[in-house]
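Heads up: the structure comes next, in structure tokens.
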Amino acid sequence: MKTLDWKPTALSRFIERCVRLPRSLTFSDLTPPTHWAKVKVAPYGTWDSPISSASAVAETIVISYVFVDRITHQVYHFEQRPAERGRSVIVHSRSSANLFERGSSWNARSAVHEYGGGAAVAHDGIIYFSHVDDGRLYKFSVAVQDHVNVRAELPTPVTPMDDRKRYASPTPHPTQQHVLVAILEDHTHDTPSMVINSLVCIDTLTSAVYPLITGADFYAAPTFSPDGTKLAWQAWNHPHMPWVGTTIWVADITFPSPSTGPPMQAMDHIRVTTSVAPQPPHPGSGVSYVSWLDDDRLLFLAETSGWRNPWVYRLSLRNANPALKAPILEDFASVYKSLGSSYYAPLNFSGPDHDRSPQGSRNGTKEMLFVAYRGGRSVLYVVDLAHQGRGEAIELECPFVDVSCVRAMGRPTEKDSAQVVFIASSTDSPSMVTFCSISRLQTGYHASFSSAKAPVEVLSMCLSLPRPMTLTDSDGEPLHIVYYAPSNPAFVAPYGESPPCVVNVHGGPTLVALQSLDWMKQWYTSRGWAWLDVNYRGSSLYGRQYTDHLDGRWGVLDVLDCVRAAHVLSSPPYSLVDPARCVIRGLSAGGYTVLSYAAGSYRPGDAPSPVQTDTAFSFRAGASHFGIADLTALARASHKFESHYVFKLLGGRPDEPKMADVYRRRSPVFHADSITMPLLMLQGLADRVVPPEQSQAMVDAIVSHGGSDRVKYKTYEGEGHGFSRADTNRSALEEEATWFAQWLGIKIRL
């Protein structure tokens with residue numbers, strides 16, 4: 001290993017001569033801390049890094065949920081803490097006080113739909129939350145003085161003891177505050193077809209639970225009108241998912257005279273709007289994210305243009321209209337998968353002129369803050385809904401790449417200002433609770449932001465910034481990717497060398513790889529590896545047409561897009577990575593893509609349209625994190641929420657004519673005899689989404705065909721679908737990196 005004296009002029013000439021910087025980087029990006037006196041020449045993939053596996057895991061505390069007490073205006077959030085065995089604690093956001101400080105066993109998370117969400121609500125100083133260990137709802141009171149002195153009582157249960165029942169989205173009634181509506185998922189008969197979902201009414205004074213709304217396979221987003229006389233919610237049935245087959249309903253709410261029966265009843269259901277099935281060449285129109293604007297109007301998102309945009313439904317007129325005068329070809333919000341998600345909030349402007357917008361309307365304070373996505377990054381808009389059907393989306397400056405969980409706050413004291421809070425992340429900061437103050441000016445709107453966290457200075461010097469790109473094939477079809485170059489100011493690579501590359505396949509498959517700071521990616525790039533996120537056709541946030549590309553072609557297009565992305569970036573004119581040192585990894589559905597590539601099961605000619613593959617390129621090793629091996633077994637044994645998901649992705653049910661053969665041909669486990677690529681399999685033994693039998697069957701099939709020397713299987717007790725504990729995540733990272741380095745012949749420094 002050579003060492004160069006750190007002299008900026010000499011080094012700049014050396015870099016200009018020897019190093020091919022990605023287009024998004026300049027020499028200033030390589031400026032080291034003053035205490036780093038020398039720069040070293042070392043092969044890519046072998047560099048020392050200040051980002052250890054322990055620090056990468058320690059920095060991955062995830063802010064997963066934000067909620068606001070509408071009465072006291074206090075803000076709270078969830079922190080998922082790997083160092084505390086992955087539990088989720090409730091934190092008072094202004095003071096950073098852990099409200100579970102007096103009880104280390106509390107874990108605020110819901111297991112409804114297995115993925116959870118919507119696990120807490122605050123109302124008038126009382127927090128209701130779901131405790132995942134027993135599924136019950138609990139409550140406790142919180143006293144806050146001067147925003148910093150916080151005292152929380154010990155939680156007490158408000159639902160009966162029964163670990164077969166799970167609750168989510170507790171929603172207090174506006175006036176009868178002891179009454180909650182919540183989602184109940186009943187696992188009394190714990191097989192997918194027998195699990196029952198419903199909306200229930202809970203009397204928190206007696207801990208009695210009463211049925212309220214039943215009949216649909218799934219429910220989400222229960223929300224009361226401001227006067228408490230109506231309830232709106234979302235519902236959908238198999239085989240749909242909540243982003244394609246949802247119906248929005250409204251019912252009148254009544255309170256019978258005092259008796260021993262239920263305190264609340266729902267009457268006269270009205271179907272507000274429903275998703276529309278795709279009719280070629282027009283995309284379908286999913287509806288989601290419903291909330292009340294006032295006692296007569298509902299706001300929701302619909303995809304009538306092929307992109308999720310805001311719509312308003314007026315109960316008195318029984319009609320719905322777009323909020324914007326023309327569709328914006330951007331998705332307002334991500335796909336609705338996690339309960340309690342929110343991508344918009346009302347702007348409660350203060351001051352005597354609060355009914356006057358910059359456009360001069362005096363129709364009330366109906367401005368809303370919306371989050372949309374452009375090129376895989378968040379965009380902030382203000383829309384005045386007083387101009388329904390003629391609304392303009394006024395864009396605000398947004399320094400973040402991802403904004404979610406948007407909540408309104410109380411009206412501030414400053415004239416013509418409003419406050420919201422949300423979870424935000426950027427390219428150099430992980431998820432943070434972010435307070436946003438929006439000022440209304442004669443010329444428009446101005447936003448300012450404040451948050452608590454900042455990246456550690458020494459680590460931030462090594463950050464590799466995302467470079468989003470869109471590739472196109474010969475037919476002009478786009479493919480969205482995000483590239484991260486090796487980045488470490490203490491090292492340069494020898495002249496003419498290209499870096500090894502980790503190609504990452506996101507899960508879902510109807511999700512997306514965002515561009516937020518991820519310390520695991522930085523762990524690799526700071527050691528001289530390139531990283532490539534592939535948002536293959538089928539990913540979300542690029543419009544309905546892009547997402548629907550994968551229908552009937554799962555296990556084919558996703559694989560081909562990963563191959564094409566790595567091949568293109570390793571070839572001129574890019575030449576950003578070494579084509580002989582590319583590896584592939586993926587979680588869940590991404591793990592299925594890895595296994596499909598390894599087994600060659602993506603090659604059958606049963607896709608709806610011809611596919612081409614580049615046989616000149618190959619990945620050298622792979623890592624499947626709880627990936628799918630047997631599609632028929634998945635369809636038979638998957639959890640209820642996704643038990644019919646695979647039908648749309650593969651083009652039919654396994655018992656339909658000709659579909660049994662499709663399922664078998666696209667299942668990697670039946671092609672283990674073709675696997676030559678070394679495979680690492682990582683699996684949580686408590687996984688109910690992709691059961692450990694899937695990984696075990698894949699490993700057994702490879703070994704039975706003489707592949708014991710090229711497969712390694714590592715399991716983790718107590719881990720579910722997505723690893724949550726610090727020790728597990730550290731082990732998985734080091735196992736994977738060591739596996740890749742072994743097969744690429746790289747001496748990696750852990």
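The values are calculated or read from the model by the stated rules, or taken from the named source; none is laboratory data. Computed from a prediction, not measured in an experiment: that's the story for all the values here. Reconstructed Cβ throughout: ideal geometry from the backbone, glycine too, with neighbour counts over all protein chains shown. Quick note on the areas: whole protein, heavy atoms, side chains included, nothing else; ligands and nucleic acids left out. Shrake-Rupley method; radii C 1.70, N 1.55, O 1.52, S 1.80 Å.
Considering region 408-425 alone, what residues qualify as being more than 17 Å from Tyr76 (Cβ to Cβ) and buried (at least 23 other Cβ atoms within 10 Å of the Cβ)? Please lay out each step first, then the result.
Here is the first cut: in region 408-425, the residues more than 17 Å from Tyr76 (Cβ to Cβ) are 411-418, 425.
If the condition is that a residue be more than 17 Å from Tyr76 (Cβ to Cβ) and buried (at least 23 other Cβ atoms within 10 Å of the Cβ), then Ala418, Ser425 are the ones that fit.
Of all residues in region 562-577 being under 12 Å from Leu479 (Cα atoms) and in contact with a Ser or Thr (Cβ under 9 Å, 6 or more places away or on another chain), which is surrounded by the fewest Cβ atoms within 10 Å (Cβ to Cβ)? Lay out the reasoning, then the answer.
So in region 562-577, the residues under 12 Å from Leu479 (Cα atoms) come out as 562-566, 568.
Then drop every residue that is not in contact with a Ser or Thr (Cβ under 9 Å, 6 or more places away or on another chain), which leaves 562-564.
Numbers: Cys562: 28, Val563: 22, Arg564: 20.
Applying the filter and picking the extreme gives Arg564.
Scanning for something surrounded by fewer than 23 Cβ atoms within 10 Å (Cβ to Cβ), closer than 24 Å to Arg374 by Cα, over 24 Å from the mean Cα position of the chain (by Cα) and in contact (Cβ under 8 Å) with a residue 60 or more places away in the chain, does region 511-529 turn up at least one residue? Checked region 511-529: no residue is surrounded by fewer than 23 Cβ atoms within 10 Å (Cβ to Cβ), closer than 24 Å to Arg374 by Cα, over 24 Å from the mean Cα position of the chain (by Cα) and in contact (Cβ under 8 Å) with a residue 60 or more places away in the chain.
Of all residues in region 155-177 being in a loop (DSSP other than H, G, I, E, B) and in contact (Cβ under 8 Å) with a residue 60 or more places away in the chain, which is farthest from the chain's Cα centre (by Cα)? Taking the candidates together, the pick is Gln176.
Test Ser539 against the criterion of being crowded, with 24+ Cβ neighbours inside 10 Å, without any contact (Cβ under 8 Å) to a residue 60 or more places away in the chain and part of a loop (DSSP other than H, G, I, E, B), and give yes or no. Against the criterion (crowded, with 24+ Cβ neighbours inside 10 Å, without any contact (Cβ under 8 Å) to a residue 60 or more places away in the chain and part of a loop (DSSP other than H, G, I, E, B)), Ser539 qualifies.
From the list Ile253, Ile213, the one residue that fits, being buried (at least 17 other Cβ atoms within 10 Å of the Cβ), within 13 Å of His173 (Cβ to Cβ) and over 27 Å from the mean Cα position of the chain (by Cα), is Ile253. Within region 547-559, the set of residues being in a helix (DSSP H, G or I) and surrounded by fewer than 23 Cβ atoms within 10 Å (Cβ to Cβ) comprises just one member, Asp548.
Here's the yes/no breakdown for (1) open to solvent by 70 Å² or more (accessible area, probe 1.4 Å); (2) closer than 30 Å to Glu717 by Cβ; (3) at pLDDT below 95:
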position	(1), (2), (3)
Arg20	yes, no, yes
Arg23	yes, no, yes
Asp29	no, no, yes
Lys38	yes, no, yes
Ile51	no, yes, yes
Val57	no, yes, yes
Arg87	no, yes, yes
Ile90	no, yes, no
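Considering only residues that are open to solvent by 50 Å² or more (accessible area, probe 1.4 Å) and closer than 19 Å to Pro172 by Cβ, which ones fall in region 142-159? Spell out the reasoning first.
Our first condition is that a residue be open to solvent by 50 Å² or more (accessible area, probe 1.4 Å); within region 142-159, this holds for 143, 145-149, 151, 153-154, 156-157.
Ala143, Glu153, Thr156, Pro157 - these are the residues of region 142-159 that are open to solvent by 50 Å² or more (accessible area, probe 1.4 Å) and closer than 19 Å to Pro172 by Cβ.
With respect to the conditions (1) in a loop (DSSP other than H, G, I, E, B); (2) in contact (Cβ under 8 Å) with a residue 60 or more places away in the chain, Gln80 lacks only one, and its number is (1). Within region 691-748, track down each residue that is assigned to a loop (DSSP other than H, G, I, E, B), of a type in the set (A, V, I, L, M, F, W, C) and over 25 Å from Ala633 (Cβ atoms). Ile746, Ile748, listed by residue number.
Sub-8 Å Cβ pairs linking a first residue in region 707-735 that is farther than 17 Å from Val57 by Cβ to a second residue that is charged (D, E, K, R) and open to solvent by 50 Å² or more (accessible area, probe 1.4 Å), at least 6 apart or interchain, are Gly720/Arg688; His721/Arg688, ordered by first then second residue.
Return yes when Ala208 is among the small types (Gly, Ala, Ser), closer than 19 Å to Gly340 by Cβ, modelled with pLDDT of 75 or more and surrounded by 15 or more Cβ atoms within 10 Å (Cβ to Cβ) and no when it is not. Show your work before the answer.
Numbers: among the small types (Gly, Ala, Ser): yes; closer than 19 Å to Gly340 by Cβ: no; modelled with pLDDT of 75 or more: yes; surrounded by 15 or more Cβ atoms within 10 Å (Cβ to Cβ): yes.
Judged against the criteria, Ala208 is not a match.
Please determine whether any residue of region 671-690 is closer than 28 Å to Trp236 by Cβ, in contact (Cβ under 8 Å) with a residue 12 or more places away in the chain, surrounded by fewer than 19 Cβ atoms within 10 Å (Cβ to Cβ) and touching a Pro at 6+ places or on another chain (Cβ under 9 Å). Taking every residue of region 671-690 in turn, at least one turns out to be closer than 28 Å to Trp236 by Cβ, in contact (Cβ under 8 Å) with a residue 12 or more places away in the chain, surrounded by fewer than 19 Cβ atoms within 10 Å (Cβ to Cβ) and touching a Pro at 6+ places or on another chain (Cβ under 9 Å). If you filter region 178-211 down to residues that are part of a strand (DSSP E or B) and small (Gly, Ala, Ser), you find that the one that is nearest to Pro226 (Cα to Cα) is Ala182.
Here's the yes/no breakdown for (1) in contact with a helix residue (DSSP H, G or I) (Cβ under 7 Å, 6 or more places away or on another chain); (2) modelled with pLDDT under 95; (3) closer than 29 Å to Ser350 by Cβ:
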site	(1), (2), (3)
Val382	no, no, yes
Glu392	no, yes, yes
Met409	no, yes, yes
Pro430	no, yes, no
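Within region 648-670, the set of residues being charged (D, E, K, R) and open to solvent by 20 Å² or more (accessible area, probe 1.4 Å) comprises Lys648, Arg653, Asp655, Glu656, Lys658, Asp661, Arg664, Arg665. Do we have Val703 as under 30 Å from Ala580 (Cα atoms), crowded, with 22+ Cβ neighbours inside 10 Å and more than 23 Å from the chain's Cα centre (by Cα) here? No, not satisfied.
Being in contact with a strand residue (DSSP E or B) (Cβ under 6 Å, 6 or more places away or on another chain) and on the phi < 0 side of the Ramachandran plot narrows it down to one residue among Val534, Val556; which is it? Answer to the check: Val534.
From the list Arg102, Arg109, Arg70, pick out the single residue that is among the charged types (D, E, K, R) and surrounded by 21 or more Cβ atoms within 10 Å (Cβ to Cβ). Spell out the reasoning first.
Numbers: Arg102 fails: surrounded by 21 or more Cβ atoms within 10 Å (Cβ to Cβ); Arg70 fails: surrounded by 21 or more Cβ atoms within 10 Å (Cβ to Cβ).
From the options Arg102, Arg109, Arg70, the qualifying one is Arg109.
Being in contact with a Gly (Cβ under 9 Å, 6 or more places away or on another chain), surrounded by fewer than 22 Cβ atoms within 10 Å (Cβ to Cβ) and in contact (Cβ under 8 Å) with a residue 24 or more places away in the chain is the filter here; which residues of region 216-239 pass it? Of everything in region 216-239, those that are in contact with a Gly (Cβ under 9 Å, 6 or more places away or on another chain), surrounded by fewer than 22 Cβ atoms within 10 Å (Cβ to Cβ) and in contact (Cβ under 8 Å) with a residue 24 or more places away in the chain turn out to be His238, Pro239. Arg440: among the basic types (Lys, Arg) and either crowded, with 22+ Cβ neighbours inside 10 Å or closer than 30 Å to Arg527 by Cβ (or both), yes or no? Against the criterion (among the basic types (Lys, Arg) and either crowded, with 22+ Cβ neighbours inside 10 Å or closer than 30 Å to Arg527 by Cβ (or both)), Arg440 qualifies.
Test Ser316 against the criterion of being part of a loop (DSSP other than H, G, I, E, B), open to solvent by 10 Å² or more (accessible area, probe 1.4 Å) and closer than 18 Å to Gln234 by Cα, and give yes or no. Break it down into steps so the answer makes sense when it comes.
Values: part of a loop (DSSP other than H, G, I, E, B): yes; open to solvent by 10 Å² or more (accessible area, probe 1.4 Å): yes; closer than 18 Å to Gln234 by Cα: no.
Taking the combined requirement at face value, the residue does not satisfy it.
Quick test for you: out of Ser288, Ser305, pick the one residue that is part of a strand (DSSP E or B), within 23 Å of Glu367 (Cβ to Cβ) and either modelled with pLDDT of 95 or more or among the hydroxyl-bearing types (Ser, Thr, Tyr) (or both). Please lay out each step first, then the result.
Details: Ser305 fails: part of a strand (DSSP E or B).
When all the criteria are applied, what remains is Ser288.
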